[in-house]
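The structure under discussion appears below in the form of structure tokens.
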Amino acid sequence: MIDDYRLYLHHRWMEGCTNAAALTREIQQLGYRGDINTVRRHLRPYRTGTIPADAPLPHLTVRRVTDWIMRRPERLTDTESKCLDELCERSPALATTTEYARRLAAMVRERRSEHLALDVWLADVRLDGQRELRTVAAGIRRDRAAVLAALTTTLTSGAVEGNVTRIKLLKRQMYGRANFDLLRRRILLSP
């Protein structure tokens with residue numbers, strides 16, 4: 001819970017604020033939902049004199065690193081960008097994955113309709129991508145027409161999918177209760 005506020009707490013401690021209650025109130029205004037005891041446990045090493053020289057790095061999880069990779073690079077904080085760069089330096093496979101994921105995400109976000117951009121991405125992945133990336137590229141190649149349609153058109157099947165989901169919900173609710181006529185009537189009369 002406190003991982004997102006470790007850097008803030010470190011800076012405030014270095015500024016001279018050592019009151020755990022005051023620091024808890026400050027980070028609660030920033031969105032922290034924990035209690036004062038968690039903040040006290042986090043500050044215990046600071047009180048015993050083992051203050052880290054540098055600001056603590058964020059706790060790394062798969063979800064957090066995936067978020068850093070998929071987010072636009074200009075929207076990353078300096079700390080997040082630095083952590084991702086260090087991870088990519090340690091793992092060439094992660095650096096390759098990051099490059100290809102960002103290129104594909106940019107195509108999808110910007111709805112680039114250039115057929116050549118997708119073909120170049122697929123060829124690059126086939127030549128030097130990892131096995132998992134080649135698997136993704138093979139799936140995209142199989143459904144190439146659908147992917148190109150998604151990149152070029154603004155039409156969506158969202159409304160149809162919403163209605164299908166609603167009908168399936170009603171069907172599950174009605175399971176074993178009555179015959180088809182009642183189910184049909186309920187579907188037609190539901191908003």
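The values are calculated or read from the model by the stated rules, or taken from the named source; none is laboratory data. Please read these numbers as outputs of a predicted model, since none were measured by experiment. Cβ atoms come from the backbone with ideal geometry, glycine included; neighbour counts cover every protein chain shown. Only protein heavy atoms, including side chains, enter the accessible area calculation; ligands, DNA and RNA are left aside. Shrake-Rupley method; radii C 1.70, N 1.55, O 1.52, S 1.80 Å.
A dipole drawn for the chain from +1 and -1 charges on Cβ atoms has a positive end, and of 95, 140, 187 the residue lying farthest that way is 187. Net charge of the neighbourhood of residue 141, taken over other residues with C-beta under 11 Å away and scored Lys/Arg +1, Asp/Glu -1, is +2.
Only one of (i) 1.29; (ii) 0.97; (iii) 1.16 was calculated from the structure for Rg/Rh (Cα atoms, Kirkwood Rh), and its label is (iii).
Using +1 on the beta carbon of Lys and Arg, -1 on that of Asp and Glu, and nothing else charged, what's the dipole of the chain about the Cα centre, debye to 20?
Details: 34 positive and 23 negative charges, 265 e Å.
The dipole magnitude comes to about 1280 debye.
Placing dummy labels 7 Å off each Cα toward the beta-carbon, the span from residue 144 to residue 71 is 3.6 nm. GNM on the chain, alpha-carbon springs under 10 angstrom: the most fluctuating residue among 173, 130, 29 is 173.
On the chain, 54 percent of the accessible area sits on carbon and sulfur atoms, based on a 1.4 Å probe.
For the range 1-96, the relative contact order comes to 26 percent (Cα pairs under 8 Å, sequence separation of at least 6). Suppose R0 equals 45 Å; then what is the FRET efficiency for residue 13 and residue 185 from their Cβ-Cβ distance, rounded to the nearest 0.05? Approximately 0.10, to the nearest 0.05. For the pair residue 40 and residue 3, the difference between a 0.36 nm per residue extended length and the Cα-Cα distance amounts to 12.0 nm. Probing with 1.4 Å while keeping every protein chain in the model, the per residue accessible area of the chain equals 70 Å². Comparing 172, 109, 47 in a Gaussian network model of the chain where C-alpha atoms under 10 Å apart are linked, the largest mean-square fluctuation is found at 172.
Return a whole-number percent for the relative contact order of the chain, with Cα pairs under 8 Å and 6 or more residues apart as the contact set. Provide the component values of the computation, followed by the final result.
Working: 95 pairs, mean separation 25.0, N = 191.
Rounded, it is 13 percent for the chain.
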